[in-house]
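Visitor: First the structure, then my questions, so here it is.
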Amino acid sequence: MVLQLTEEQTDIKRMVAEFAKKELADKAFKPETEEEYRERLRKLARQGLLGLTAPVEYGGAGLSYFDALLAVEEMAKYDPRSAGEMHTNGTGTASHLWVLGTHEQKERWLRPICEGRLRCAIAMTEPEAGSAATEMTTTATDDGDVYILNGGKIFVSGGDHADIFVTYARFGEGQGGKNIGALIVEQGTPGFSILRNDRNMAGELQSQLLFDECRVPKENVLVTGNAFGRLIRIYNRNRLSGVAQGLGMATASYEEALEYCKVRRQFGRELADFQGLQWMLADMAIQLNACRAVLYRAAEEDQDKELDPLQVSFAKVFIAEACARVCDMAIQLFGGYGYMEESPVNWRYRRVRGMQIYGGTMQIHRNMIAARILGRPNDQRRR
């Protein structure tokens, strides 16, 4: 297990930190226009921070997943929004393209993503298919040189900015994971619309999509047939990259709380002098140290460049819950200042809290862990 970083990995973290502090940190928690957002994407691309794991021949950085995850974690300490872009357009959603895409698809979509000219989002969740993802009812019906897409998706993160959507759908009849595949739906495709954008507790927009006789060219298909298992193995990259962001954010809140306790005085003493608060800081440091060990273990790829689903679930549950505790304690240490809406520690808590829901709830991942260690099928359907 890798716990001691190499010199090259340390350099990656240092480069990201220096760039973020110089170019991004000052505006990390401020509203931005669409043009400011697009310029930030281009800035990340010029630094080589989009498409981190994508092949070099398509404009990516060609990093190992582990090294890319280090970059995402580090960026999240300074600018969580940009860490999210590195995740979506690199270590997470965009992975579908470089793993499953044809040469033509990679040139058409992956290269512009790496160059900051295109933004992707994943469309999987449906009103009646959340934790039970294989209950999805969105269908892709063969119609000559196109597939007719019908259905809807909800809670699509970044849908308000996305140019293309990696969309999971059912290709043909069947229940459960049978006949689930994925295709690319582009903005402007006839029959495709964004019904609404809802704001979550972190202030981020999540989109509701509608596909009404949406005609998607067959050259947009990534994979058809019984591909759900393969898709979820790719989606595990999303899950782990998501908690890497949370770890970076929780680390930032811990470090800010630590410094605050050294300068804030009450009763004529620094907060850091009070044993009760010292113990809180110690507990935060313990939790973050353990999170990092769990994350780095889960980020190790096998010879086929895949992640161990069990280790991913271990990391998802442990890091999501631990980071929420750390962020909550940071607010407590800041007191009234931490409770204010504009406080970074406040925003990070609201953002980190979502990790216990998206990418599979804590309960779903515990079900998967239990099934694996007991050697039983993970089937939650009533019999």
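Visitor: If Lys153 satisfies every condition in (1) modelled with pLDDT of 95 or more; (2) under 30 Å from Gln287 (Cβ atoms); (3) surrounded by 18 or more Cβ atoms within 10 Å (Cβ to Cβ); (4) of a type in the set (Lys, Arg) but one, which is the exception?
Guide: Looking at each condition in turn, Lys153 falls short on (2).
Visitor: Kindly indicate which of Leu288, Leu307, Leu281 is in contact with a Cys (Cβ under 7 Å, 6 or more places away or on another chain) and either touching a residue at least 40 places away in the same chain (Cβ under 8 Å) or under 13 Å from Gly246 (Cα atoms) (or both).
Guide: On the way: Leu288 fails: in contact with a Cys (Cβ under 7 Å, 6 or more places away or on another chain); Leu307 fails: in contact with a Cys (Cβ under 7 Å, 6 or more places away or on another chain).
Answer to the selection: Leu281.
Visitor: Between residues in the range 56-73 that are part of a helix (DSSP H, G or I) and residues that are of a type in the set (D, E, K, R) and buried (at least 20 other Cβ atoms within 10 Å of the Cβ), which pairs lie under 7 Å by C-beta distance while being six or more apart or on different chains?
Guide: Final answer for the pair search is Tyr58/Lys106; Tyr65/Arg237.
Visitor: Something else now. So is Phe334 aromatic (Phe, Trp, Tyr) and under 24 Å from Ala71 (Cα atoms) or not? Even if it seems obvious, please write down each step before you answer.
Guide: Numbers: aromatic (Phe, Trp, Tyr): yes; under 24 Å from Ala71 (Cα atoms): no.
So Phe334 does not fit the description; no.
Visitor: In the range 110-124, what residues are among the β-branched types (Val, Ile, Thr) and either under 18 Å from Gln208 (Cβ atoms) or surrounded by fewer than 23 Cβ atoms within 10 Å (Cβ to Cβ) (or both)?
Guide: Filtering the range 110-124 down to residues among the β-branched types (Val, Ile, Thr) leaves 113, 122.
Selection gives Ile122 alone.
Visitor: Next question, about the same structure. Which ones in the range 262-282 are part of a helix (DSSP H, G or I), of a type in the set (A, V, I, L, M, F, W, C) and open to solvent by 100 Å² or more (accessible area, probe 1.4 Å)?
Guide: Filtering the range 262-282 for residues part of a helix (DSSP H, G or I) gives 262-263, 271-273, 275-282.
With of a type in the set (A, V, I, L, M, F, W, C) added as a condition, the list becomes 263, 271-272, 277, 279-282.
Within the range 262-282, Val263, Trp279 qualify.
Visitor: Still on this model: Scan the range 84-99 and give yes if some residue there is part of a loop (DSSP other than H, G, I, E, B) and open to solvent by 10 Å² or more (accessible area, probe 1.4 Å), otherwise no.
Guide: Within the range 84-99, the subset part of a loop (DSSP other than H, G, I, E, B) is 92-94.
If we keep only those that are open to solvent by 10 Å² or more (accessible area, probe 1.4 Å) too, we end up with none.
Taking every residue of the range 84-99 in turn, none turns out to be part of a loop (DSSP other than H, G, I, E, B) and open to solvent by 10 Å² or more (accessible area, probe 1.4 Å).
Visitor: Would you pick out the residues in the range 1-40 that are open to solvent by less than 100 Å² (accessible area, probe 1.4 Å), more than 18 Å from Thr251 (Cα to Cα) and outside any helix (DSSP H, G or I)?
Guide: Val2, Thr6, Glu32, Thr33
Visitor: Here's a follow-up. How about the range 220-260: which of its residues are small (Gly, Ala, Ser) and out of contact with any Asp or Glu (no Cβ under 7 Å at 6 or more places or on another chain)?
Guide: Applying the first criterion (small (Gly, Ala, Ser)) to the range 220-260 yields 225, 227, 229, 241-242, 244, 246, 248, 250, 252-253, 257.
Within the range 220-260, Gly225, Ala227, Gly229, Ser241, Gly242, Gly246, Ala250, Ala252, Ser253, Ala257 meet the criteria.
Visitor: While we're here: Just to be sure, is Gly130 surrounded by fewer than 22 Cβ atoms within 10 Å (Cβ to Cβ) and either of a type in the set (Phe, Trp, Tyr) or in contact with a Ser or Thr (Cβ under 9 Å, 6 or more places away or on another chain) (or both)?
Guide: Working: surrounded by fewer than 22 Cβ atoms within 10 Å (Cβ to Cβ): yes; either of a type in the set (Phe, Trp, Tyr) or in contact with a Ser or Thr (Cβ under 9 Å, 6 or more places away or on another chain) (or both): yes.
Yes; evaluated as a whole, the condition is true for this residue.
Visitor: Further, regarding this structure: Of the conditions (1) surrounded by fewer than 16 Cβ atoms within 10 Å (Cβ to Cβ); (2) not in a loop (DSSP other than H, G, I, E, B), Gly203 clears all except one; give me its number.
Guide: Unmet condition: (2).
Visitor: Could you please tell me which pairs satisfy a Cβ distance under 6 Å, a separation of 6+ or placement on different chains, a first residue in the range 339-364 that is farther than 21 Å from Met75 by Cβ, and a second residue that is assigned to a loop (DSSP other than H, G, I, E, B)?
Guide: These pairs meet every condition: Thr361/Ser131; Ile364/Ser131.
Visitor: Moving on to the next point. Do we have Glu255 as open to solvent by less than 60 Å² (accessible area, probe 1.4 Å) and either touching a Ser or Thr at 6+ places or on another chain (Cβ under 7 Å) or under 28 Å from Arg237 (Cβ atoms) (or both) here? Before you say what the answer is, go through the steps one by one.
Guide: On the way: open to solvent by less than 60 Å² (accessible area, probe 1.4 Å): no; either touching a Ser or Thr at 6+ places or on another chain (Cβ under 7 Å) or under 28 Å from Arg237 (Cβ atoms) (or both): yes.
Spelling it out, it is not the case that Glu255 is open to solvent by less than 60 Å² (accessible area, probe 1.4 Å) and either touching a Ser or Thr at 6+ places or on another chain (Cβ under 7 Å) or under 28 Å from Arg237 (Cβ atoms) (or both).
Visitor: Something else now. Could you please let me know if Thr167 is of a type in the set (Val, Ile, Thr) and open to solvent by 30 Å² or more (accessible area, probe 1.4 Å)? So that I can check it myself, show each step before the final result.
Guide: Numbers: of a type in the set (Val, Ile, Thr): yes; open to solvent by 30 Å² or more (accessible area, probe 1.4 Å): no.
When the stated conditions are applied, Thr167 does not pass them.
Visitor: Additional query: Just wondering, is there one or more residues in the range 171-194 that are closer than 30 Å to Pro377 by Cα, at pLDDT below 95 and among the basic types (Lys, Arg)?
Guide: Within the range 171-194, one or more residues are closer than 30 Å to Pro377 by Cα, at pLDDT below 95 and among the basic types (Lys, Arg).
Visitor: List the helices (runs of 4 or more DSSP H) that sit entirely inside the range 283-383 and contain at least 1 residues that are open to solvent by 80 Å² or more (accessible area, probe 1.4 Å), hydroxyl-bearing (Ser, Thr, Tyr) and under 25 Å from Val263 (Cβ atoms).
Guide: Details: elements: 309-334, 336-339, 344-353, 362-374.
Once the helices (runs of 4 or more DSSP H) in the range 283-383 are filtered for at least 1 residues that are open to solvent by 80 Å² or more (accessible area, probe 1.4 Å), hydroxyl-bearing (Ser, Thr, Tyr) and under 25 Å from Val263 (Cβ atoms), what remains is 336-339.
Visitor: Tell me, which residue of the range 41-70 that is open to solvent by 30 Å² or more (accessible area, probe 1.4 Å) and hydrophobic (A, V, I, L, M, F, W, C) is farthest from Leu205 (Cα to Cα)?
Guide: Restricting to residues being open to solvent by 30 Å² or more (accessible area, probe 1.4 Å) and hydrophobic (A, V, I, L, M, F, W, C), the top hit is Val56.
The values are calculated or read from the model by the stated rules, or taken from the named source; none is laboratory data. Computed from a predicted structure; not experimentally measured. No Cβ is skipped: glycine too gets one built from the backbone with ideal geometry, and neighbour counts run over all protein chains shown. Heads up: the accessible areas ignore ligands, DNA and RNA and are worked out on the full protein's heavy atoms, side chains in. Shrake-Rupley method; radii C 1.70, N 1.55, O 1.52, S 1.80 Å.
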